Structures are given as C-alpha cells and as structure tokens.
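K.L.:
Below is a structure I'd like to ask you about.
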Amino acid sequence: MTKQRRLLLVEDLGLAGQLSPALTQAGWTVQTCTSAREAIYLIKQQEVDGLLIAATLPDERGDVVFYRLSASQPQLRTHTAFFTRTSHEREVVETTQRIDLKIPVTPDQVVRTVNDFYGTSRAS
Amino acid sequence: MRHQPFVQAMADCGDTYRLEGSELYAGFLVLRHFDEWLAMGTVHTSEDRDAVLRLRQQIETIPDSAFEVRSLLGTVLDVLGRAKPTDIVGAVGPLLAYGAYLDSRNQYRLGQHVLSIVTETLDSPVGSTDLFSVAVAYLEYGRFAHRLGEVNDAEFYYARGLTIATQSGDDDLKLYAKICLGRLRLNRGDFVGAESLLDTVIAEARRNDLPSVEACALQLRGSLLLHSKRPVDAIRDFSIAYSLTPNRSLRELLLGDLAACATVLGLWQAACAIQEKLARTAHDRIARAYALVNLVELAILRGDHDQYRARWQQVQAYPLATMPPLLNLYAQFYAANGVERFESVSAALATYRTLSTRAKELGNVVVERLIRERLDTVLAREQPQS
C-alpha cells in the first residue's frame, strides 16, 4: 500500500477551497493555511512531502516562507510550487528556481505539478 | 564596523569561542559576502569563486544541531550566485528568512541588524519599486525594535511601513501595519490611541471582507479591553475573532485570552479547565507555555500551595530561555506572586522591583504598571506592621 503523502497549501481560502478536493482525490492529504505565521507553526508539527504557496501572503513574501520551511524540511527545496498573480511576483519566484503556477490555474494542472514532485503520475 | 552586532555577539561568547562550526561567524561572513555582491555583482574571477568555496566550507562546519541556519546561509550563497544585480528583491529573500530565523531564536539584536541591511538595500535608489517588499521589511525591522524595547524606533519604522504599504495599495498589509502600531500604543499605555486605531482597522477590515485581519485586530482590542478592566467587552471581541479565523495558533491565543477573562471574572474553575487543555494540547509552544504560567496564577488565586509548587515546577521544566522576553517576565511575576503569598514577602518585593525595571526596559508600560500596582499594594499592606 502506498503511503499517503502530505501537502501543505498556503493560499487564500477561496483558491485553497477550489483545489483541495482534487488534490485529496489524487491521494494527497492536504493541510491548508492562509498566513506565513501559521505555515511556520504547522511545519514544526509534522513533515510534509510538498508545498504549494502563494507568492505573496498577507503578512510575508511567499519566497521568504519557502526559504524558512525548506531550511527545516530539505525535501521542500525541490517539492515546492508557487502561485503567482503578477509579473513582479514571477520575477521574485524565478530567483527561487521553483515551479511557477500562474493564476488562473486549473485543479488538474495543480495535481499534475505536485504528482511530478515524485515523478509519479497518480491516477486522479 | 559594518556588522558590529555580530562581532559583539562573538566577543560575548568569551575566550573559548571557536570560529569553526560557529553559526555567528558564518552569518557574519555571509553578510560581508552580500555587501560584496551588492557592490560587485555575481562572482566572475577564479579568486572570487575560491572565496565563495571557502565560505561554503565554513558554513558546512556548522553542526547538525543547527542544520536550519546552515541550510539558510547556504541558500543565501545559492541565490546570490545566480541572481542578477537587478534581482535585488528576490536576492534579499533568504536574508529576510535568516532574519526571521534569528527572531525565532530570540536573537533580536542580530535579526534587527540583518533587517537593517535589507531595508537599506531595498529602500535605496538602486533598490526596488516593489513597495510590498519594502513595507514588509520596515514592519519586520519595527518588530525587532519593539521586542528590544526601542519603542521610538519601533514607532518610526511601523509608521514608515504603514506609509509604504498604503502607497502599495495592499489593504491587508496596510491594516497589518496599523495593528503593529496599535500593539505599540497599547504596550505604551496609550489605551485611547490604541483603541481608536483598532476601531478603524476593524471597521475597514469588515468593509473590505478581510476576516483574518479583522480577527487579529479584535484579538488585540480584546486584550486592551481586558487590561482596561472591561472583561465582558473583551469576551465579545475574543469570541467574534474566534469565529472569524481558521488560524489555529490565533485560535489558541484567543482561548487563552478567554480563560484570562474568566479568571478576572472569578470563574476560576472554567479558566483552569481551558488553561489545562491548552497546556496539554496547544500546537503553539508559546501558547502552551503561557497556559502553564496562567495555571501558576490560578493556583495562587485559589490559595493552593501544592498546586502552585507543582505548576511552577512545570514552568521551570519548560525552555523559557527560548521564549519571548514578555512571557519570561510574566512567568517571573507570577512566581513572585507565589513567593509573596506562600513564602516571603520581602523576597517577593525585591523581585517586583527588578521586574518593574525590566518591564520598563522592554518599553511595556502595561506590564510595568501591573507590577507597580502589585508592589504598591504589598507596600501599603506591610507599612503599618513596620
């Protein structure tokens, strides 16, 4: 039996609510939060296998949170993708060398991205 | 000297200090490398590459026990190694993360220094037109100053952050900046100014449908009302905030606040039940530590000497040295309450005086006032006997 992989989704509730069902159906255990502060607390509680994060959060830049989280959980250095909304956000995300999911995105596109973290094409 | 706080911190480590394996020394070298990157751009010559290699080797000597900072400092080099001189906003990302790491380790002076480098870089002619990043950096710098008790500096940087956040057009950040200013006013004892500012934040957050911001502002206004001896009004704010936020750490904080209201209203059994649950199950370690300290207070109020000793032992077993200074202050204040109640009034008085000075150093008039009130009450009570 395959181990269920955990995904931390740091986005506003609207987009998170649209994406969570598809990700869950694809076999991911999804934990959502909306702020940098909560993401950092959550990451201390448990190991996660992937991170989807907004390039800009209400209280911090997404790339800054990514650097902090991936320092404590090194698998996130590669297993992270950003949601970007502006060209400026895309420039910042480019310096992280991580995947840039340009809003608007479809649930299938996001599922494919996180499945590719592990080089698997999960049945959705 | 450019990175004086790091040099001072290394000097404070004493004669046994070794550069190899030192996260302080590696941090100092990385900041110097950032200076060079700003001046010269990405390395080009073989000599430069050798210098970066030596720096990487120095970072690698940081032991596994500090792997998080080892990784962060390595990331600064990675990003600077590939960033173009025009990528300043992206390039400072790992430095902002390093500042946040230092904050989480209570190394406020060092964190403030890192943030000062970021703010001067971003808010310079070659810096950035990304107003969101500049505003975040100023607000973070203000937070460090606030924690260090440098309240005038904190106010200046919060106000600057607010101005830039307003220019950026980001409503969330603008209101977050106002909440920072509200907290500062509350700590300074300016209840009227703080309440008025928070009223506008709450109204604006409601109007713009920003429930997370509204919840933060309600939590802070509730604290203000509690300090103003209006616990029933405070309960209303805390309850609304609880219903608005899905944020677990904020919800835990609010539960602790509601228990504090119950304590003030004399509902000690209810307060104990909430605090015990938080002390056992809160995800946020600071919320757990606060709950334990509040259980010490409740044991004293109930006159239960055995409970007081047991709870205080639990608090002492907690790594309070790694906790924020304000929590440390509260812990010591309630410990002194216990000493006053069950052991020695004179010993407690000496502790109150020390703590009052400490609260003043932290720029927290509210806590200073709480301690002074206790001190004055005890002195008035003891006067006729002497």
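The values are calculated or read from the model by the stated rules, or taken from the named source; none is laboratory data. Computed from a predicted model, the values in this text were never measured in an experiment. Cβ atoms come from the backbone with ideal geometry, glycine included; neighbour counts cover every protein chain shown.
K.L.:
In this structure, is A:Asp49 in contact with a Phe, Trp or Tyr (Cβ under 6 Å, 6 or more places away or on another chain), of a type in the set (Asp, Glu) and more than 12 Å from chain B (Cβ to nearest Cβ)?
P.N.:
no
K.L.:
Considering only the range B:36-53, I want to know if a residue exists there that is more than 26 Å from A:Ser72 (Cβ to Cβ), among the β-branched types (Val, Ile, Thr), away from chain A (no Cβ under 14 Å) and loosely packed, with under 15 Cβ neighbours inside 10 Å.
P.N.:
There is at least one residue in the range B:36-53 that is more than 26 Å from A:Ser72 (Cβ to Cβ), among the β-branched types (Val, Ile, Thr), away from chain A (no Cβ under 14 Å) and loosely packed, with under 15 Cβ neighbours inside 10 Å.
K.L.:
Using the structure shown, decide if B:Gly182 is among the small types (Gly, Ala, Ser) and either crowded, with 21+ Cβ neighbours inside 10 Å or more than 26 Å from A:Glu91 (Cβ to Cβ) (or both).
P.N.:
So B:Gly182 fits the description; yes.
K.L.:
With (1) under 28 Å from B:Met323 (Cα atoms); (2) in a helix (DSSP H, G or I) as the list, and B:Thr200 as the residue in question, which single condition is left unmet?
P.N.:
The one condition B:Thr200 does not meet is (1).
K.L.:
Anything in the range B:347-386 that is under 21 Å from B:Glu297 (Cα atoms) and charged (D, E, K, R)? List them, or say none.
P.N.:
If the condition is that a residue be under 21 Å from B:Glu297 (Cα atoms) and charged (D, E, K, R), then B:Arg353, B:Arg358, B:Glu368, B:Arg369, B:Arg372, B:Glu373, B:Arg374, B:Asp376, B:Arg381 are the ones that fit.
K.L.:
Next question. Is it the case, given these coordinates, that B:Gly21 is of a type outside the set (D, E, K, R) and on the phi > 0 side of the Ramachandran plot?
P.N.:
When the stated conditions are applied, B:Gly21 passes them.
K.L.:
Please find, among A:Val110, A:Val64, A:Val105, the residue that is assigned to a helix (DSSP H, G or I), away from chain B (no Cβ under 13 Å), among the hydrophobic types (A, V, I, L, M, F, W, C) and touching a residue at least 12 places away in the same chain (Cβ under 8 Å).
P.N.:
A:Val110
K.L.:
Please find, within the range A:27-44, the residue that is modelled with the highest pLDDT out of those that are over 13 Å from A:Leu9 (Cβ atoms) and not aromatic (Phe, Trp, Tyr).
P.N.:
A:Gly27
K.L.:
Can you spot a residue in the range B:45-68 that is under 19 Å from B:Leu19 (Cα atoms), among the basic types (Lys, Arg), part of a helix (DSSP H, G or I) and touching a Pro at 6+ places or on another chain (Cβ under 9 Å)?
P.N.:
Looking for residues that are under 19 Å from B:Leu19 (Cα atoms), among the basic types (Lys, Arg), part of a helix (DSSP H, G or I) and touching a Pro at 6+ places or on another chain (Cβ under 9 Å), one finds none in the range B:45-68, hence no.
K.L.:
Does the range A:52-61 hold any residues that are at the interface with another protein chain (Cβ under 9 Å from one of its Cβ atoms) and either of a type in the set (Asp, Glu) or under 16 Å from A:Val92 (Cα atoms) (or both), and which are they?
P.N.:
Those that are at the interface with another protein chain (Cβ under 9 Å from one of its Cβ atoms) and either of a type in the set (Asp, Glu) or under 16 Å from A:Val92 (Cα atoms) (or both): A:Thr56, A:Leu57, A:Asp59, A:Glu60, A:Arg61.
K.L.:
Could I ask something else about it? Pull out all pairs, ordered by first then second residue, where Cβ-Cβ is under 6 Å, the residues are six or more apart or on different chains, the first lies in the range B:265-286 and is assigned to a loop (DSSP other than H, G, I, E, B), and the second is surrounded by fewer than 14 Cβ atoms within 10 Å (Cβ to Cβ).
P.N.:
Note: pairs meeting the criteria are B:His283/A:Gln45.
K.L.:
Just the residues that are more than 21 Å from A:Gly14 (Cβ to Cβ), hydroxyl-bearing (Ser, Thr, Tyr) and buried (at least 20 other Cβ atoms within 10 Å of the Cβ), please, taken from the range A:50-79.
P.N.:
A:Tyr67, A:Ser70
K.L.:
Right, next: In the range B:142-155, is there at least one residue being more than 18 Å from B:Glu361 (Cα to Cα), away from chain A (no Cβ under 12 Å) and of a type outside the set (Val, Ile, Thr)?
P.N.:
no
K.L.:
If the requirement is being assigned to a helix (DSSP H, G or I), without any contact (Cβ under 8 Å) to a residue 60 or more places away in the chain and touching a Cys at 6+ places or on another chain (Cβ under 6 Å), which of these qualifies: B:Leu298, B:Leu327, B:Leu292?
P.N.:
Among B:Leu298, B:Leu327, B:Leu292, only B:Leu298 is assigned to a helix (DSSP H, G or I), without any contact (Cβ under 8 Å) to a residue 60 or more places away in the chain and touching a Cys at 6+ places or on another chain (Cβ under 6 Å).
K.L.:
Filter the range B:176-188 for residues that are aliphatic (A, V, I, L, M) and within 14 Å of chain A (Cβ to nearest Cβ) and give the result.
P.N.:
B:Ala177, B:Ile179
K.L.:
Which condition does B:Thr86 not pass, out of (1) within 11 Å of chain A (Cβ to nearest Cβ); (2) hydroxyl-bearing (Ser, Thr, Tyr); (3) closer than 19 Å to B:Leu29 by Cβ, if it passes all the others?
P.N.:
(3)
K.L.:
Okay, moving on. With B:Leu131, B:Leu197 as the choices, which residue is within 11 Å of chain A (Cβ to nearest Cβ) and surrounded by fewer than 23 Cβ atoms within 10 Å (Cβ to Cβ)?
P.N.:
B:Leu131
K.L.:
Can you tell me which residues in the range B:353-377 are over 28 Å from B:Phe144 (Cβ atoms) and surrounded by 18 or more Cβ atoms within 10 Å (Cβ to Cβ)?
P.N.:
B:Arg374, B:Leu375
K.L.:
Specify the residue that is farthest from the other protein chains (Cβ to nearest Cβ); the eligible residues are those in the range A:19-46 that are surrounded by fewer than 20 Cβ atoms within 10 Å (Cβ to Cβ) and part of a loop (DSSP other than H, G, I, E, B).
P.N.:
Step by step, filter the range A:19-46, then rank; the result is A:Gly27.
K.L.:
Given the conditions (1) within 20 Å of B:His146 (Cβ to Cβ); (2) modelled with pLDDT under 95, which single one is not true for B:Arg49?
P.N.:
(1)
K.L.:
Give the range B:82-99 a look and list any residue that's among the aliphatic types (A, V, I, L, M) and either surrounded by 24 or more Cβ atoms within 10 Å (Cβ to Cβ) or closer than 17 Å to B:Phe132 by Cα (or both), or say none.
P.N.:
Across the range B:82-99, the qualifying residues are B:Ile88, B:Val89, B:Ala91, B:Val92, B:Leu95, B:Leu96, B:Ala97.
K.L.:
Condition first: within 12 Å of chain B (Cβ to nearest Cβ), touching an Asp or Glu at 6+ places or on another chain (Cβ under 9 Å), in a loop (DSSP other than H, G, I, E, B) and without any contact (Cβ under 8 Å) to a residue 40 or more places away in the chain. Can you find one or more residues in the range A:74-88 that meet it?
P.N.:
Checking the range A:74-88: not a single residue is within 12 Å of chain B (Cβ to nearest Cβ), touching an Asp or Glu at 6+ places or on another chain (Cβ under 9 Å), in a loop (DSSP other than H, G, I, E, B) and without any contact (Cβ under 8 Å) to a residue 40 or more places away in the chain.
K.L.:
Testing B:Leu173 on (1) within 10 Å of chain A (Cβ to nearest Cβ); (2) among the aliphatic types (A, V, I, L, M); (3) closer than 22 Å to B:Leu31 by Cβ, one condition comes back false. Which one is that?
P.N.:
Answer for B:Leu173: the failing condition is (3).
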